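The values are calculated or read from the model by the stated rules, or taken from the named source; none is laboratory data. Because the structure is a prediction, the values reported are computed rather than measured. Note that we place each Cβ from the backbone using ideal geometry, even for glycine, and neighbour counts take in every protein chain shown. For accessibility, only protein heavy atoms count, side chains too; no ligands or nucleic acids. Shrake-Rupley method; radii C 1.70, N 1.55, O 1.52, S 1.80 Å.
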Amino acid sequence: MALLPILRFPDPRLHVKAAPVEAVDDSIRQLIRDMTETMYEASGVGLAATQVNVHKRIAVVDVSEDRSGPLVFINAEIVEKLGECNSDEGCLSVPGVRETVRRAEKIKVRGLNGNGEPFELEADGVLAVCIQHELDHLDGKVFVEYLSRLKQGRIRTRLLKQAQEAPQAAG
Ligand code: NI
């Protein structure tokens with residue numbers, strides 16, 4: 001297994017739209033293992049392939065307390081959204097930033113699991129928010145893009161400054 005470097009906002013590669021996975025083969029399974037390890041190492045609750053500069057529709061999520069329940073989403077799509085909620089979010093690609101964004105409260109999602117088997121999942125609460133956040137990444141969207149231009153500009157400036165001051169810490 002390997003830890004993968006995580007792209008940081010405002011890296012333009014975070015805006016690439018990911019392509020569907022055609023076959024869940026050994027290389028995809030290896031990527032999923034590496035993404036899961038990277039997510040745990042970074043203490044994140046989710047990681048999308050886009051964030052590790054692989055532009056395939058894969059995300060891993062674990063919102064469990066003891067970090068023992070990783071969920072894998074391959075070619076996943078949200079097929080139903082219900083209600084709205086305010087969610088307080090952060091992102092491994094936007095370190096040190098937490099902001100409130102509007103999300104659907106409940107979702108139904110369909111996709112393939114880590115074995116390439118189709119599944120359907122109904123989610124609410126933190127899990128629903130996390131899935132929406134990760135699937136946004138695969139469409140090239142970072143959560144700060146829901147914020148005002150002014151706020152986005154401030155975050156951009158701050159992160160560019162951080163990267164200049166400590167380039168070795170980036171990733
Ligand atoms: Ni994120």
### Query
In debye to the nearest 20, how big a dipole does the chain give about its Cα centre with +1 on each Lys and Arg Cβ and -1 on each Asp and Glu Cβ?
880 debye
### Message
Please report the carbon-and-sulfur percent of the accessible area for the chain; probe 1.4 Å, protein heavy atoms only, DNA, RNA and ligands left out.
### Response
50 percent
### Summary
So, relative contact order of the chain in percent, Cα under 8 Å, 6 or more apart, is 25 percent
### Message
Need one value: the accessible area of Leu150 in square angstrom, 1.4 angstrom probe, rounded to the nearest 10.
### Response
110 Å²
### Cα gyration tensor shape of the stretch 1-141, rounded if a/c is under 1.5, else prolate or oblate by comparing a/b with b/c
rounded
### Query
Within the chain, how many lysine pairs that are 8 or more places apart, or on different chains, have C-alpha atoms less than 23 Å apart?
14
#### Entry: Sum of -39500 (n - 2.57) over DSSP H runs of 4+, divided by residues of the chain (222 nm, nearest 500)
-9000 deg cm²/dmol
### Message
Once you place label points 7 Å from the Cα toward the Cβ at Ala19 and Glu77, how far apart are they in nm?
### Response
1.9 nm
### Task
Kindly point out which whole DSSP H helices in the chain project their C-alpha atoms 20 angstrom or further along the helix axis while averaging a Kyte-Doolittle hydropathy of 0.5 or above.
125-138
### Message
Students sometimes get this wrong: rank Asp34, Asp25 by accessible area, probe 1.4 Å, all chains present, largest first.
### Response
Asp25, Asp34
### Query
Going by average Cβ neighbours within 10 Å, how do the peptides 70-80, 115-125 rank, with the highest at the top?
70-80, 115-125
#### Entry: Residue-span extension gain [Asn113 to Tyr146] - 0.36 nm each, minus C-alpha spacing
9.0 nm
### Task
Could you order Met39, Met1 by accessible surface area, starting with the largest, using a probe radius of 1.4 Å?
Met1, Met39
### Task
Quick one: order His137, His55, His15 from most to least accessible surface, probe 1.4 Å.
His15, His55, His137
### Message
Solvent-accessible area of Lys56, probe 1.4 Å, all protein chains present, reported in Å² to the nearest ten, please.
### Response
80 Å²
### Task
Specify whether the C-alpha gyration tensor of the stretch 1-77 places it in the rounded, prolate or oblate class, a ≥ b ≥ c being the square roots of the eigenvalues: rounded for a/c under 1.5, otherwise prolate if a/b is larger than b/c and oblate if not.
oblate
### Message
Leaving out ligands and nucleic acids, and using a 1.4 Å probe, what accessible area per residue does the stretch 36-171 come to in Å²?
### Response
52 Å²
### Summary
Under the rule rounded for a/c under 1.5, else prolate if a/b exceeds b/c, else oblate, using alpha carbon gyration tensor axes a ≥ b ≥ c, the stretch 72-132 is classed as oblate
### Message
With just the Cα atoms defining each centre, how far is the stretch 56-72 from the stretch 144-163? Give it in Å.
### Response
27 Å
